[in-house]
Amino acid sequence: MFPHRRQCLFFWGLLAWAGLRSALAAEPLTLNQVIDLTIKNNPELVAARAQIQGAEGDLITARAYPNPEVQLGAGESVARDSGVLRGGLGGVDISQPIELPFVRRPRREAGEAGVEAASASYRVVSLNVLTRAKQAFYNVLRQQELLRMTEANRELLASIRDKIRLRVEVGESSRYELVKAEAELLGATKNRESAALRIIQAKAALRAVTGAALPPQVEIVGELPPSEAPAPDLDKLRDSILESHPALVQARAEVDRAKSQLELEQALRYPQPTVKAGIYSEPHLEQWRFDLIVPLPLWNQRQGPIARAAADRARADALANQQVLNLTYELDSAITAYRIASQQIETFESGLLREAESALKVAEAAYRLGERGILDYLDAQRTFQAVRVDYINALFDKNAALLEIERLRAQDFQDQPL
């Protein structure tokens, strides 16, 4: 009896777990939830936060003072001549390396610049990752909308096929019209299947950028944000970006760090002294000793490290200049894409959509009256469908351009906690 009861409990527990999993899988996912999941789970953001912690550790190391050293010694004094005392020997030495101020300062400044560069790098990664997350989210919405359109088009073509089949059976239409309608329906079915596969692909991209284990059948809900405002002024936006964009802040911090590192390597050419003090005990006396140890830079004058630091400084300057060019190009491209999409949307909304719909209605009415054949009607239906698809794509392209401009402006994520 008891084994049977355990089996029942296990069965009901399994059902409850499956129901809970189904409920979680059916819970719709909004844009804010996608952003929260991305901030929490994206590996790039996790790595960027770890990079900040590493830079802070380097700064602690740069600020630390060199440790002293203690040397202990003991031995035995053996007399070889008469009158010489024998006994134990002992000694203690304490040495302290002296880090000169002109060496310590650039080391500390290099560590501080490293922390600033790591923090700016995290901001850059945040902008890029969260923008990709938004783009992936809206791409799912785009594919879902296109799937709904293909499904509606397929249902319409199926009803047209059924009507034509009925007309063929009663002898009002030729067999060729039915073959053409079947071919159009087959194409619409393939388009519907392709649209469904593109949704799966879009959700996989969203799952990759969030870094979370989203269920395969997760439902994405949302709509495009309003974008009625005109595009910002290009010159003003360029000046703002070149002044405060995190990528440039990172590049400048890397230049400062390379500059401080070069100054440090040049300062290390000068000998760093070590102060040493000790006391020594012998059977017949005690000695106190104070030493100043100064290395002589005869063979190694740090030509290699200085040359490497100078090359790193030149490389950091070049990368900072390249970053300016990249941001300028990306801004020009985003503004151009926004204007192109806006013009396309204006063209669609100013009459192209209505004209395509009117042409479809006229072709449908003419076909019903027998003035036109099925080919004209199907061509009008295909044209109207293509215009609607292009209109939806233009809406999402405009939103993608706005997201890119938002990333370049770097305003929404300035206050994001590390």
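Here Asp58 passes the criteria (1) modelled with pLDDT of 70 or more; (2) assigned to a helix (DSSP H, G or I); (3) over 22 Å from the mean Cα position of the chain (by Cα); (4) surrounded by fewer than 14 Cβ atoms within 10 Å (Cβ to Cβ) except the one numbered (4). Within this structure, Leu248 fails the test of being open to solvent by less than 50 Å² (accessible area, probe 1.4 Å), outside any strand (DSSP E or B) and farther than 20 Å from Leu127 by Cβ. Residues that are farther than 30 Å from Ile164 by Cβ, open to solvent by 30 Å² or more (accessible area, probe 1.4 Å) and modelled with pLDDT under 80 occur in the range 399-411; there is at least one. Kindly establish whether Leu234 is of a type outside the set (Gly, Ala, Ser), out of contact with any His (no Cβ under 8 Å at 6 or more places or on another chain) and under 25 Å from Tyr329 (Cα atoms). The answer is yes for Leu234. Can you tell me which residue in the range 291-318 is modelled with the lowest pLDDT, limited to those that are open to solvent by 90 Å² or more (accessible area, probe 1.4 Å) and in a helix (DSSP H, G or I)? Per the criteria, the residue is Gln303. The sole residue among Glu193, Glu223 that is out of contact with any strand residue (DSSP E or B) (no Cβ under 9 Å at 6 or more places or on another chain), part of a helix (DSSP H, G or I) and acidic (Asp, Glu) is Glu193.
Quick check on Asn128: is it touching a helix residue (DSSP H, G or I) at 6+ places or on another chain (Cβ under 9 Å), among the polar types (S, T, N, Q), surrounded by fewer than 19 Cβ atoms within 10 Å (Cβ to Cβ) and at pLDDT 90 or above? So Asn128 passes the test. Residues that are open to solvent by less than 60 Å² (accessible area, probe 1.4 Å) and either part of a helix (DSSP H, G or I) or among the basic types (Lys, Arg) (or both) within the range 94-108 comprise Val103, Arg104, Pro106, listed in sequence order.
Pairing each residue of the range 364-380 that is closer than 14 Å to Lys163 by Cα with any residue that is of a type in the set (A, V, I, L, M) and surrounded by fewer than 17 Cβ atoms within 10 Å (Cβ to Cβ), provided the two are 6+ apart or on different chains, yields C-beta distances under 8 Å for Tyr377/Ala366. Would you mind stating whether Leu206 is buried (at least 17 other Cβ atoms within 10 Å of the Cβ) and at pLDDT 90 or above? It is true that Leu206 is buried (at least 17 other Cβ atoms within 10 Å of the Cβ) and at pLDDT 90 or above. Taken across the range 174-190, residues that are closer than 30 Å to Gln135 by Cβ, open to solvent by 80 Å² or more (accessible area, probe 1.4 Å), free of Cβ contacts under 8 Å to residues at least 40 places away in the same chain and assigned to a helix (DSSP H, G or I) do occur, with at least one present. Taking the conditions (1) touching a residue at least 60 places away in the same chain (Cβ under 8 Å); (2) closer than 24 Å to Asn32 by Cα in turn, Gln143 satisfies each one other than (1). Checked against (1) out of contact with any Phe, Trp or Tyr (no Cβ under 6 Å at 6 or more places or on another chain); (2) closer than 28 Å to Gly111 by Cα, Ala267 passes all but condition (1). Within the range 364-398, the set of residues being within 44 Å of the chain's Cα centre (by Cα), within 18 Å of Leu185 (Cβ to Cβ) and buried (at least 19 other Cβ atoms within 10 Å of the Cβ) comprises Ala380, Gln381, Phe384, Gln385. Within the range 262-290, the set of residues being loosely packed, with under 13 Cβ neighbours inside 10 Å and either farther than 17 Å from Ile98 by Cα or of a type in the set (Asp, Glu) (or both) comprises His284, Leu285, Glu286, Gln287, Trp288, Arg289. Contact map, the range 157-169: first residue farther than 22 Å from Phe384 by Cβ, second residue among the basic types (Lys, Arg) and assigned to a helix (DSSP H, G or I), Cβ cut-off under 7 Å, separation 6 or more or different chains; pairs are Val168/Arg175.
The values are calculated or read from the model by the stated rules, or taken from the named source; none is laboratory data. The structure displayed is predicted, hence computed values, not measured ones. Glycine gets a Cβ as well: all are built from the backbone with ideal geometry, and neighbour counts include every protein chain shown. Only protein heavy atoms, including side chains, enter the accessible area calculation; ligands, DNA and RNA are left aside. Shrake-Rupley method; radii C 1.70, N 1.55, O 1.52, S 1.80 Å.
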